[in-house]
Structures are given as C-alpha cells and as structure tokens.
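One structure below.
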Amino acid sequence: MKLVRKIKYFGFILIGMITFNACDDYIEEDIFSDITSENFIDEETADQLVVGVYTSLRSVYSNYSFKFFGTDIFASQGEVFSFSPTNDYFNMNAGLGVSVWANNYSVIGKANTVINRFQNQISWSESNLGARDYGIAQAKALRALAYFNLAQQYGGVVIELEEATTIRTDYARSSEEETYAQIITDLEEAIPTLLDEPETGRFSKRAAQHLLAEVYLTRGYSSFGTSSDFATAASLAETAIGGYDIRTQSFAEVFDIDNQVNDEILFAVQWGTGALDTDKQNNKHAAFMNQVFNYPGITRIGTPYGTQGFGAMPTPFFYSLFAENDSREEATIHRVLFADSEDIYDADGEEGPLPEELIQPGDTVVFYPKIALDPLELADKMNRYYVYQPDQYLFGLPENIDGATYQYSSNILRTNFPIFKKFDDNDFNENTDGARDTFVFRVAGTHLIAAEAHLGAGNTAASLSHINIVRERATGVANSYATVTIDDILNERAVELAGESNRWAVLKRTGKLEERINVYNPQVVDHGAFDSGVHLLRPIPESELQLSDGSLQQNPGY
C-alpha cells in the first residue's frame, strides 16, 4: 500500500509540534477534542510524524526553476532575445528562489522534530525500540537529502539539527565543507538501520546509498574533496545497484503509468488518489510543454496532454542527442499530437481559396519530424496537419506554404516543439492535480553516477561498463561506447534522466555549466550574463536575510 494512503490527519497535531514550519496546505483536519501534541504522540502514533516529512517532499520535487532553467538541455520558451534571470542569468537577484530554500528547510524542520520527539519525548516499550530507530534513520536520510539539495544550490547553509521551539534570528551559515560533512554523517548513521525493502514510498537502504554516492561524487570535484571520494562514490553506487539489471524492462515500461512501482525505482515522491484532494496535485505532466489546446482539434479540458505549467522547453541540442536507434526518444517526447474533438479548420475563412479541413478525434494535428522534410513532402503533409521542422522549434513564425491548407500564420502559438511524454498522466486537471509519482532515484541514474565516479577515479574500464549498460537498454546494442569522457556521460544523462535529475547541479559539479550553456542554450548564446564568480551559487533569498539579525550572509555578487 502506498505510504501516502496510510496518512492519518489529526486536528491540533501541529500545535506546539512543528514551530519551525507553518501548517502545510495538505493537512485535512479531523477534530478530536482534548488532543494535543503532547498527549497524542505516543509510540503507536509516532510514525505520523515521519509520514509528514515524506509529504513535505512534494513541494520540493514539484519546484523546477533552479533545476532545469539555464542549462544546456532546457531553456525559456520566450524569444531568443528575451530576458529571464533563471535561464540566462541576467539580473539574477535575491528575490528569486524563496521556495527552494523554504521547502527544503520545511523538510529539515520536520525531520528535526521526528528525531527530537523519538529520542526525548516518546516513551518506547522494549518491543518498539526498532521502530524508534527506524523512524530516526528515515528522518536523518531525508534531512540529508534536503541539505544536499540546498548545498548544491547555495554552498554552505545553516545547519540546524535541533527541533525549533522558539523564534530565532541569529542563524549563521556553516561552510560548504561542514555542510557536506553533516550530510555524510546523517546518511552513514541512517544506512545501517534503513530497510532493504521498505513499504512503498519510504527511503530504502539502497536509496540512501545512491544519495551518499552522489554526495561523495559531488564533493570529489570540490576544493575540500578527498583523494578517495570518487572511489567511495563508485563503490556506494555499485552497492545501490545491487543485483538489479535495468535491461529486464524497457525505458518505456519504466514510465508506463500502470507500472509506477517497479524494481528500477529506488525512491519516488508519492502522489495518488487518496482521500485528500492534495494527494492528487502533482504538476509534472505540465512541465516542458506548450499550450497545445491552441492547436485545432485539441481542447483545453479534454486534451490527454494537459496545459503548460512551467515555462521551460527542451533546447534543439536536447532533441539532437537521440540516436536513430534510441528507444528513449519515443517514450520521452511526443512527435505527433492527436485531436481529441471534432473541429473545422479553415485558415482563410469560408470564402477564401484554401479548403477547410474537418478534424475528427484521433486525427493527427501536428507533426514534429526528427529529420527535416523536403519541400514536396512538407507541402503534402501541410494539407492535412501542421508540421514544424527541427529548426523551427524555437520562438518564431515560419513562412507560409503557398496553397497549403494549414498556414503557420493561423497558429497563435509562436513556440512549437515536441512536448514531453515521459511524465504523461491519466488523472489530472489541466496543469495540476496529477496523480503520477515523481521518480527521484532510478537504478539507471545510479549506473551513470557509477560511470562518472569511476571516470573520476581513473578506472575507465569500469566507467565504460556502467554507461554501456544504460545505452544497451536504450538501443539494444552492447558496448556502444568504446571510449568515455565526461561529456559522453553528460549527454547520456541528458537523454536518460531529462526532467528527473537536477541538470543544473550536475553541470555545476562537473565544471561544465558555463561551457555548455554558452554553446547550447539559445538565450545564453544570444545575450547570456553568466559569471562563474557569481552564478555557480544561488542568491540567499532576501526575505531570509531580512529576518536574520545580520548573521546570515549573502553569497558573493548578489
């Protein structure tokens, strides 16, 4: 049974229990008279505190701007000459990223509450000491995950390990080295107690090993990293992979909506059709798409695709990375969109020379070919539906084709591109209310961590073995790579983990962010303002600085 479906919500539970955080909007109150946090929380109900930490991850993993904008494979949907702080680093300031900071600290605050209450408040019987230790282990692993999310973006952050019971303004940042040391400590303390095969939705031992591998890998690139970090990361990643062979199911099967709980998923944030409306508010299906209801024959409500909920789009470079034999392309993007309702398309009105087109449900409405069509084939297809060539995905208005039924000028959309498919949902409401789980760690990603770590440690043969396993699953061809570079790994991560892993953080850790955005991000190429002395760290939110007594220091350059 999914973890989120076991949540019980009780009135007054947050009173005096989680002072560090405001009440979250997913809480549904059932009123129980005379219940307070002190007399409600006992060894039988204590797990509800742990469940609350997991639920807080929903906000963390439905916030995308700092993960995808301003990278080589995702950019803004606006004109190439348009300005966006998070994408082209123009006027990036401390007013941005408030939710990234706040959402992760919400997880940390609730994890601290679990640890304190489990250790100091709840009276545990001898038979339930294992449950106590397991709850603490989960809280430490999730706290480590939140601190890692913060450290990748901000560098050193405020390390708070105690439950907040009073209002403070004297928080000070630890160094980045100290932050990573705390993350490692939390995970190393948690791993022995975490379960190999926990209830669906809970953090497993292998998920923690995957996370710890990525932490060591990231630290290995830093000035405070140790000579053994890459080797340690590789060993941890291989332990997390265990005996699972990703080739036992296809990439498309991994993302099948009816196969969300499968052996490749090490950890996922749970959504679903539980008793609360907020159980079904995932927005992942609305990422990396445009307003497809503006096409003829596709309605806003009936569309199987949803509506745009995030202003990013894949870059032309991303589309170019799929080889002809790469099965991931078909599972990742929609190259054809189909009508969901009857419609009459007439580009020039009833009296015009162009014929009208009767569109029926199931008809092709728009086609985005992988390889550009020649003029004759293009003109033929444009009599039946829209066609946008690979060099027309960015903002713009292509020239009409004389005499064609479909005219580009009749489409009010000015940014037309193959939208994402891998996150498609079957239970959603426009750009919200999705029920698909959000995959956080997959074994394919663990292989790519192992490949990168082995490469960093100088073990090219082992690196090749791991990247080739991922490639073989996608293409059916063994040993596709005869040599491997960090760019090979980044490209493989792009097509395997697009929209899942934090692309910005990966480019940052490998030292490839500036190089690749200057070549592949259209707005950055046109007018990018990236400064490696500033933009490898995000600005601490201004609101947080204002709440401090001056002890919380801003990152340089902001």
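Among the residues of region 167-181, which ones are crowded, with 17+ Cβ neighbours inside 10 Å and in a helix (DSSP H, G or I)? Residues satisfying the conditions are E176, T179, Y180. In region 143-163, the residues that are at positive phi reach residues that are aliphatic (A, V, I, L, M) and surrounded by fewer than 23 Cβ atoms within 10 Å (Cβ to Cβ) with C-beta atoms within less than 7 angstrom, at least six apart or across chains, in these pairs: G155/L537. Across region 182-197, what is the number of residues that are surrounded by 15 or more Cβ atoms within 10 Å (Cβ to Cβ) and in a helix (DSSP H, G or I)? Counting residues in region 182-197 that are surrounded by 15 or more Cβ atoms within 10 Å (Cβ to Cβ) and in a helix (DSSP H, G or I) gives 6.
Does Y558 fit the bill of being in contact with a strand residue (DSSP E or B) (Cβ under 9 Å, 6 or more places away or on another chain), of a type outside the set (D, E) and open to solvent by 40 Å² or more (accessible area, probe 1.4 Å)? The answer is no for Y558.
Restricting F118, F90, F66 to residues that are in a helix (DSSP H, G or I), closer than 23 Å to N521 by Cβ and touching a residue at least 40 places away in the same chain (Cβ under 8 Å) narrows the list to F66.
For V477, the test of being surrounded by fewer than 22 Cβ atoms within 10 Å (Cβ to Cβ), part of a helix (DSSP H, G or I) and of a type in the set (V, I, T) is failed. Per the conditions (1) surrounded by fewer than 20 Cβ atoms within 10 Å (Cβ to Cβ); (2) within 19 Å of the chain's Cα centre (by Cα), the sole criterion not satisfied by A494 is (1).
For region 203-236, taking the residues that are farther than 15 Å from F267 by Cβ and among the polar types (S, T, N, Q), the one that is surrounded by the most Cβ atoms within 10 Å (Cβ to Cβ) is identified as T218.
Each row is one residue, and each column tells you yes or no for (1) out of contact with any Cys (no Cβ under 6 Å at 6 or more places or on another chain); (2) open to solvent by less than 30 Å² (accessible area, probe 1.4 Å); (3) of a type in the set (A, V, I, L, M, F, W, C).
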| residue | (1), (2), (3) |
| --- | --- |
| P316 | yes, no, no |
| Y319 | yes, yes, no |
| H334 | yes, yes, no |
| F338 | yes, no, yes |
| G352 | yes, yes, no |
| G362 | yes, no, no |
| V365 | yes, yes, yes |
| M382 | yes, yes, yes |
| F395 | yes, no, yes |
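Can you pull out every residue in region 279-296 that is farther than 24 Å from Y385 by Cβ and either in contact with a strand residue (DSSP E or B) (Cβ under 6 Å, 6 or more places away or on another chain) or open to solvent by 40 Å² or more (accessible area, probe 1.4 Å) (or both)? Once the filter is applied, which keeps residues that are farther than 24 Å from Y385 by Cβ and either in contact with a strand residue (DSSP E or B) (Cβ under 6 Å, 6 or more places away or on another chain) or open to solvent by 40 Å² or more (accessible area, probe 1.4 Å) (or both), region 279-296 yields K280, Q281, N282, N283, K284.
When we screen T239, T299, T200 for residues that are in a helix (DSSP H, G or I) and open to solvent by 30 Å² or more (accessible area, probe 1.4 Å), the only hit is T239.
Exactly one residue out of A444, A478, A462 is modelled with pLDDT of 95 or more and either of a type in the set (D, E, K, R) or under 20 Å from the mean Cα position of the chain (by Cα) (or both), and it is A444. For region 480-490, enumerate the residues that are open to solvent by less than 30 Å² (accessible area, probe 1.4 Å) and not in a helix (DSSP H, G or I). Selection gives V484 alone.
Right, D258: in a helix (DSSP H, G or I) and open to solvent by 50 Å² or more (accessible area, probe 1.4 Å) or not? For D258, the condition - in a helix (DSSP H, G or I) and open to solvent by 50 Å² or more (accessible area, probe 1.4 Å) - is met.
Let me confirm something: among A146, A164, which residue is open to solvent by less than 20 Å² (accessible area, probe 1.4 Å) and more than 21 Å from the chain's Cα centre (by Cα)? Result of the check over A146, A164: A164.
If you go through region 367-380 and pick out every residue that is assigned to a loop (DSSP other than H, G, I, E, B) and surrounded by 17 or more Cβ atoms within 10 Å (Cβ to Cβ), you end up with 1.
Taking the condition in contact with a Phe, Trp or Tyr (Cβ under 8 Å, 6 or more places away or on another chain) and assigned to a helix (DSSP H, G or I), does R493 pass? Taking the combined requirement at face value, the residue does not satisfy it. Summed over region 506-538, residues that are part of a helix (DSSP H, G or I) and either open to solvent by less than 40 Å² (accessible area, probe 1.4 Å) or of a type in the set (D, E, K, R) (or both) total 14. Of all the criteria given as (1) under 30 Å from Y244 (Cβ atoms); (2) open to solvent by 40 Å² or more (accessible area, probe 1.4 Å); (3) free of Cβ contacts under 8 Å to residues at least 40 places away in the same chain, the one not satisfied by N459 is (3).
Screening E38 with (1) modelled with pLDDT of 95 or more; (2) charged (D, E, K, R); (3) not in a loop (DSSP other than H, G, I, E, B) gives one miss only, at (1). On the given criteria, is L413 part of a loop (DSSP other than H, G, I, E, B), in contact with a helix residue (DSSP H, G or I) (Cβ under 7 Å, 6 or more places away or on another chain), under 28 Å from I257 (Cβ atoms) and not aromatic (F, W, Y)? Spelling it out, L413 is indeed part of a loop (DSSP other than H, G, I, E, B), in contact with a helix residue (DSSP H, G or I) (Cβ under 7 Å, 6 or more places away or on another chain), under 28 Å from I257 (Cβ atoms) and not aromatic (F, W, Y).
The values are calculated or read from the model by the stated rules, or taken from the named source; none is laboratory data. Given the structure is predicted, the values throughout are model-derived calculations rather than measurements. Methodologically, a virtual Cβ is constructed for each residue, glycine included, from the backbone with ideal geometry; neighbour enumeration extends over all protein chains shown. Ligands, DNA and RNA are stripped out before the accessible areas are found, and what is left, the full protein with its side chains, is counted by its heavy atoms. Shrake-Rupley method; radii C 1.70, N 1.55, O 1.52, S 1.80 Å.
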